[in-house]
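The values are calculated or read from the model by the stated rules, or taken from the named source; none is laboratory data. Predicted, not measured: the structure shown is a model, and the values here were computed from it. FYI the Cβ positions are ideal-geometry reconstructions off the backbone, even for glycines, and counts take in every protein chain you see. Keep in mind that these areas ignore ligands, DNA and RNA; they rest on the heavy atoms of the full protein, side chains included. Shrake-Rupley method; radii C 1.70, N 1.55, O 1.52, S 1.80 Å.
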Amino acid sequence: MLSSLSAWFVNPRRNPLARLHRNAVASRLRKYGLRYDDLYDPYHDLDIKEALARLPREVVDARNQRLKRAMDLSMKHQYLPDDVQTPFRSYLSDMLALVKKERAEREALGALPLYQRTIP
């Protein structure tokens, strides 16, 4: 019951408040040329690090360039021109779902994890 309620609460297709939040975040990110998936931190979650490692090199390089450009624009207190702003698309969610599914399957089978969190 609680999991279905929380799934409804965060799903922008079902909840109008989540849709408003998604649109507000998308408009702010678009001003800097970012996508929502660019906000995921690979140092915070090892599943995200693994998903980024599985993506093609061009996609990861484009992500790094968008992050660098956003930091530069933020330091200059400027926004991207309207003709350069990109639409709100996802590139990481499919691979991230696959990585999480594989990790859950490995845990269900009792296998050792592929990666473990270590303190550097």
Report summary line: Restricting the stretch 73-110 to residues that are out of contact with any Leu (no Cβ under 9 Å at 6 or more places or on another chain), charged (D, E, K, R) and not in a loop (DSSP other than H, G, I, E, B), the one surrounded by the most Cβ atoms within 10 Å (Cβ to Cβ) turns out to be K100
Query - Selection within the stretch 8-23 - open to solvent by less than 50 Å² (accessible area, probe 1.4 Å) and either part of a helix (DSSP H, G or I) or in contact with a Phe, Trp or Tyr (Cβ under 7 Å, 6 or more places away or on another chain) (or both) - result: N15, A18
